[in-house]
Amino acid sequence: MSSRTRTRGEGAFGTIVGIALVVVVGIALFKIVPLHYAGNKVKDAMSEQANFAGMKPPDKIQYEIFVIAQEAGTPLTLQDIKIRRHGSDVIVEAKYIQKVSVLATSTPTRSITPFRSRSSEVNAGRGLARATGRG
């Protein structure tokens, strides 16, 4: 009897585990990546508004950021967006938390923590960025 006829498919277990792992990672990425994309859109809008604020009133800056945040699907409210002027600098701050259930469990969530927008200083590792524009 040859060794081929005695093989029962023991190698199939490793393949099944590998495929299951790829599926789990794919589902998690499918749910988490859109949050990062939306957060980056809001951060870019904050930075752009801070850099090109010029003579715009804070209400208009705040509203323009709010509109982009709503289009991106973030739960950012108008009251969560803070605009401050220090001389010719404009500082835009916003905070929101967006949770997502990954793999049908309630424990794993993804939160986007407070961030500020400033053109000269970025600390993306903590979800924190400041944007200041000279207007």
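The values are calculated or read from the model by the stated rules, or taken from the named source; none is laboratory data. As the structure is a prediction and not an experimental result, all values here were calculated from the model. Methodologically, a virtual Cβ is constructed for each residue, glycine included, from the backbone with ideal geometry; neighbour enumeration extends over all protein chains shown.
General observations
- Listed here are the helices (runs of 4 or more DSSP H) enclosed by segment 2-91 that have at least 3 residues being surrounded by 10 or more Cβ atoms within 10 Å (Cβ to Cβ): 11-51, 58-72.
- Within segment 86-98, residues that are among the small types (G, A, S) sit with their Cβ atoms under 7 Å from residues that are at pLDDT below 80 and in a strand (DSSP E or B), at 6+ positions apart or across chains, in these pairs: S88/R134; A94/F115.
- Beta carbons closer than 7 Å, at least 6 apart along the sequence or on distinct chains, never pair a first residue in segment 56-78 that is farther than 26 Å from S88 by Cβ with a second that is exposed (fewer than 13 other Cβ atoms within 10 Å of the Cβ).
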